[in-house]
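Data block below; observations after.
The values are calculated or read from the model by the stated rules, or taken from the named source; none is laboratory data. None of the values given here were measured: they were computed from a predicted structure. A quick note on method: Cβ atoms are made from the backbone with ideal geometry, for glycine too, and the neighbour counts reach across all protein chains shown. Calculation scope for accessible area: heavy atoms of the full protein, side chains included, ligands and nucleic acids excluded. Shrake-Rupley method; radii C 1.70, N 1.55, O 1.52, S 1.80 Å.
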Amino acid sequence: MADNTTIDSLLHEERRFPPSDEFVAHRVATPELYEQARADRLGFWAEQAKTLLHWHTPFTEVLDWSNAPFARWFGDGRINVSYNCLDRHVLEGRGDRVALLFEGEPGDERSLTYAELTAEVKKAANMLATLGVTEGDRVVIYMPQIPEAIIAMLAVARLGAIHSVVFGGFSAESLRARIDDADAKLVITADGGYRKGKVFPLKPAVDEAIADGGTAVKNVVVVKRGGNDVTWVDGRDVWWEEEIATMSDEHTAEAFDPENPLFILYTSGTTGNPKGIIHSSGGYLTGAAYTHKNVFDLKPETDVYWCTADVGWITGHSYVVYGPLANGATQVIYEGTPDAPQPGRWWDIIEKYGVTIFYTAPTAIRGFMKAGREIPQARDLSSLRLLGTVGEPINPEAWMWYREVIGGNRCPIVDTWWQTETGAIMVSALPGITHTKPGSAQVPLPGISIDVLSEDGVHVGAEAGGLLVVTEPWPSMLRGIWGDPDRFVETYWAKFGDKYFAGDGAHLDADGDVWLLGRVDDVMNVSGHRLSTMEIESALVAHEMTAEAAVIGADDDTTGQAVVAFVILKARHQKDMSEEEAAAELRSWVSKQIGAIARPRDIHIVNELPKTRSGKIMRRLLRDIAEGRALGDTTTLTDTNVIDVISQAMLSGGDD
Ligand code: WT7
């Protein structure tokens, strides 16, 4: 959480940016949306679901909240998500519109129209059906950012099965835990993908994850992308291309219960094991399509949209796959990193494809600020008309840079607050309506009701801070945690009864605008990715050298927060290697256990951890040390005596 001085200066933000007359004249979202939603919230959502989606059987029931917090939306209708993202565009004459403009990291290109994408998904659905996938089965997808990842997701959805996409940066261990928890019977992967100029292999992690035969996985489907060698298990592994080549491109989408889970996506919580967030079909798609259209001012006939998120995260699910495709958008997808092979790669892509709507994370923006404005300024970015940001609070300085250097002072910026659990954007400016304010996510979308409450559940009022809650159910809300209904109730609904507790601190300013202040639990936000302090601590403690470990998220100029660990080595290992060597060993261990995103930026080897009298680790103190606040002298950071001194002082002091 930002400290009080930062909050004060943020909240005195005087700058406002109204949309241009030109933008207003052609805006998609109009102020009436707010009025309609306020007058009849459920009627409003029913209207969105009906106008944005095709229902095989129309619903008559909007919301059943009688079994709260387990919601049913549009429960007596029937829908097929894949049909909504594909077939209906073709049947309604949009088959020749480009759906995907793919750019591989090595520079290869591929474009797929809606007709072509539909045919590919039908073939893939036939392949999966041949492999025995049916309604309700779980399929894990572990892939690079290539069209087949999207095709795989839509093929699984088409069969009424449930996908669980695991980000390609996660380790074999993390993959195994997710395969196990979801009891998946099939894994779709690739030989490898391109990243930073090299092929990174994916199949070895799958092989390792299921090697012992202890999972429910029957088959592994492998897409050829990296061209790297793979080991092969006959009878279990099949090449995607070989199977697809024999499949028909005819496949009739069956209609399913809109409450059927569409996917499970694992995310970090406060305790060690990640939770499998369950999303529905009909309600989720309504939320994704509605927000994508209105927040991004989408004109599908003319816009070229680009969201830089990987499909392994919720942003990729809602704003690369389901929202844009349900709305018939044309979008860019890019496989690689922003700086490969040179730091202007993203701006080259915007220029090359004429991107009009661009959605990315504050971390990326801060990284580009560091690299210098000459790089984007050497490209023609005049096609851009709208910019979005997501994943973590954006500091006003980065917001202003984004507006000026990338948006040429003409593009509205939407700072979108939401979570894996909310499925879709909840708090954001609407680009042709809201007068934007640097650093604030601003207002709940029409149909969404939020509040900021004190610990004891009282509305905090203007110019005060508290906890962000959602006060009314919404269509794309999570439906539960896979296999753990109690944890679902406990985590999100126990604190404030029938209100959804988001886990974020928030402040309402004098205008009633919302400022997000970061997580209030043991969840870190590193480069817009969620990590659990406990999960990393567990990984560290699982190493034979480690006696005890404490992990905190420390402020970082580029990544927002960074993982910093304090580790006590077991006495018998203290002489084995230098502190630097031990730290290096543990950093790569965490990377192997969880994935490179969790690798600590710093590991301090210490003799003791500061604890309260009741034995609780004083994380706030560790954060002060890691951020260089405590004791005034950062050069003593790695001096283990500092920790000793702190802990001694605390033993005689009060609680955390
Ligand atoms: C957490 C959710 C939702 C997509 C990506 C992250 C933080 C997200 C913002 C924003 C301030 C934000 C919150 C939230 N967050 N967007 N615009 N301003 N904070 O999804 O991994 O589920 O993480 O990201 O702390 O709780 P996620």
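For this structure, a couple of remarks:
- Gain on full extension, evaluated as 0.36 nm per residue between Glu463 and Glu581 minus their Cα-Cα distance, stands at 37.6 nm.
- Sequence-separation-based contact order of the chain, relative, with Cα cut under 8 Å and 6+ spacing, percent: 13 percent
- Per residue, the solvent-accessible area of region 213-274 (1.4 Å probe, heavy atoms of protein chains only, all protein chains present) comes to 47 Å².
- Computed from the C-beta positions of Glu627 and Lys198, the FRET efficiency with R₀ = 41 Å rounds to 0.75.
- Coil-residue GluC sites (Glu not before Pro) of region 245-352, DSSP, other Cβ within 10 Å capped at 14: Glu250, Glu254, Glu301
- Applying a threshold of 32 Å to the alpha-carbon distances of Lys275/Lys499; Lys293/Lys499; Lys495/Lys616; Lys275/Lys370; Lys185/Lys570; Lys123/Lys218 flags Lys275/Lys370; Lys185/Lys570 as lying beyond it.
- The share of accessible area on the chain that comes from carbon and sulfur is 49 percent, using a 1.4 angstrom probe.
- Taking the square roots of five times each eigenvalue of the Cα gyration tensor of the chain, the equivalent ellipsoid has semi-axes of 37, 31, 25 Å, listed largest first.
- Theoretical FRET efficiency, 1/(1+(r/R0)^6), r = Cβ-Cβ of Lys592 and Thr612, R0 25 Å, to 0.05: 0.15
- With all protein chains kept in place, the per residue accessible area of region 304-385 amounts to 27 square angstrom at a probe of 1.4 angstrom.
- Per residue solvent-accessible surface (Å²) - region 525-632, probe of 1.4 Å: 44 Å²
- Applying both filters, DSSP loop and at most 16 other Cβ atoms within 10 Å, to the chymotrypsin sites (Phe, Trp or Tyr not before Pro) of region 8-97 gives Trp65, Phe70.
- For region 254-391, the share of alpha carbon pairs falling in successive 10 Å distance bins from zero is 11, 37, 31, 16, 4, 0 percent.
- Applying 1/(1 + (r/R0)^6) with r as the Cβ-Cβ distance of Asp40 and Thr60 and R0 = 22 angstrom yields a FRET efficiency of 0.90.
- A protection proxy built from the mean count of other Cβ atoms within 10 Å ranks the segments 308-314, 199-205, 336-342, most packed first, as 308-314, 199-205, 336-342.
- Applying both filters, DSSP loop and at most 13 other Cβ atoms within 10 Å, to the trypsin sites (Lys or Arg not before Pro) of region 181-264 gives Lys196.
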